[in-house]
1. Run through all the Cα pairs of region 19-59 and give the fraction in each 5 Å bin from 0, expressed as whole percent.
2. Tell me the relative contact order for region 19-59 as a rounded percent, counting alpha carbon contacts under 8 Å between residues six or more apart.
């Protein structure tokens, strides 16, 4: 299975979760703030459909 550049952020270990801000799309995908900055606003980086995003937090 090929590894996408989006998955490279997901380094094993609990510390990797806290290094980035995580975003959930209404199409069900999750990616980090670094990857979000690489994409087009209003379009999912993974499936390329128009989408909205929700910032995930610890609270």
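1. 6, 27, 38, 20, 7, 2
2. Averaging sequence separation for qualifying contacts and normalising by length gives 45 percent for region 19-59.
Every number here is computed from the coordinates shown, using simple stated rules; none is lab data. Not measured: the values here are computed from a predicted model.
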